[in-house]
1. Taking the radius of gyration and the Kirkwood hydrodynamic radius from Cα positions alone, what is the Rg/Rh ratio for the chain, to two decimal places?
2. Taking segment 123-165 on its own, what percent of its Cα-Cα pair distances exceed 17 Å?
3. Could you count how many Lys pairs in segment 46-188 have their Cα atoms under 20 Å apart, skipping same-chain pairs fewer than 8 positions apart?
4. In the chain, with Lys and Arg counted as +1 and Asp and Glu as -1 at Cβ, which of these residues, HIS169, ASN121, VAL105, has the Cα nearest the positive end of the dipole, that is, farthest along it?
5. So what's segment 25-113 giving for Rg/Rh, alpha carbon basis, Kirkwood Rh from the mean inverse pair distance?
Amino acid sequence: MRLIAIALLAFVTACGEVSVTETPVSQPAPTVQQVETFGPLANLVGKSFRGAPADGSTEPNPDTQTWEWALGGTAILIKHALANGAYGGDTYVYKDAKTGDLAYVYITNAGFRTEGVMFVNDDGSYTAEEAVEGHPSITKVRSTSVLNDDGTSVVTSEYLDNGEWKAGHAFIYSPTNETLPQLKAPAN
């Protein structure tokens, strides 16, 4: 099975203050079936991460995310927020019944969504490829994630924006006890 650590993508245009209300949910250890289905992603469930923008990133705001089991443990739900909740969304990762691949759908508070598939690379990194629906100029995203032995991960992305591939966000994620900012409706 091909797997990937998800690169959550952000298209932040506004910042704002919002109360911090959501905390990571205590999750049971993954079952053998969950490890077989989700590989190393199963071990991220029940944890929270803070992503600091890496050098060269197009995103200046940190990203906070929490991982939990969803749909009776048959999916992983990754919630994330940037800019104190001005932008964020939820990603459901699941095994595609038709292909057997690990697939995902990402829904944002900015009015667009993505769907994609994850692949493991020969060097142990993971790549996600997704189609974007509802964004005014970005139609595809590719991202690569490397899980490090120290519990951190490095995620880089690029966007197909108006028909041209452009550098996207880059984050270095570390485990955190921070709470997830509550998402708010985007400014009109």
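Each reported figure results from applying straightforward, stated rules to the coordinates on display, with no laboratory input. Quantities reported herein were computed from a predicted structural model and do not represent experimental measurements. Using ideal geometry, Cβ is built from the backbone for each residue, glycine included, and neighbour counts are taken over all protein chains shown.
1. Answer for the chain: 0.93.
2. Tail of P(r) above 17 Å: 41 percent of Cα pairs.
3. 4
4. The one lying farthest along the dipole's positive direction is VAL105.
5. On the Cα set of segment 25-113, Rg over Rh gives 1.00.
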